[in-house]
Amino acid sequence: MRAVVTVVGKDKTGIISKVSTFLAEKDVNILDISQTIMDEYFAMIMMVDLSNSQTELSQLAEECSAMGRKIGMSIHIQHEDIFNAMHSV
């Protein structure tokens, strides 16, 4: 199963490292990643594969939110189909 991870917040050192390490520990594979910095704000979107993860998407979503709070970022994960439905015109 594929999902979309979004990370937004004030830029600081180590965001990509912390998020990618967290996902790797959950056996989540990053398929594609795009990130940018606008003024002092960091924004990243990742397409990930959850096929090898033993963590349910709902649990992973809670853990992503908690990790985001810990590092001062907003982190969300959604099933690819839901993300696409929400962002189609």
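The values are calculated or read from the model by the stated rules, or taken from the named source; none is laboratory data. Computed from a predicted model, the values in this text were never measured in an experiment. Heads up, the Cβs are rebuilt from the backbone with ideal geometry, glycines too, and the neighbour counts pull from every protein chain shown. The area values use the complete protein model at the heavy-atom level, side chains included, leaving out ligands, DNA and RNA. Shrake-Rupley method; radii C 1.70, N 1.55, O 1.52, S 1.80 Å.
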*Any residue at all in the range 73-83 that is of a type in the set (S, T, N, Q) and surrounded by fewer than 15 Cβ atoms within 10 Å (Cβ to Cβ)?*
yes
_Long-range neighbours under 8 Å by Cβ, at least six apart or interchain, first residue within 20 Å of residue 18 (Cβ to Cβ) within the range 51-70, second part of a loop (DSSP other than H, G, I, E, B) and open to solvent by 30 Å² or more (accessible area, probe 1.4 Å)_ = 53/26; 53/27; 55/26; 55/27; 60/26; 63/26; 63/55
*What are the pairs, 6+ residues apart or on separate chains, where a residue within the range 15-36 that is under 20 Å from residue 69 (Cα atoms) has its Cβ under 9 Å from a residue that is of a type in the set (Lys, Arg) and open to solvent by 70 Å² or more (accessible area, probe 1.4 Å)?*
18/70
_Residue selected from the range 30-58 under the condition open to solvent by 60 Å² or more (accessible area, probe 1.4 Å) and over 17 Å from residue 2 (Cα atoms), by the criterion nearest to the chain's Cα centre (by Cα)_ = 35
*Search the range 1-29 for residues being of a type in the set (Asp, Glu) and either under 19 Å from residue 78 (Cα atoms) or outside any loop (DSSP other than H, G, I, E, B) (or both), and hand back the single one that is least open to solvent (accessible area, probe 1.4 Å).*
27
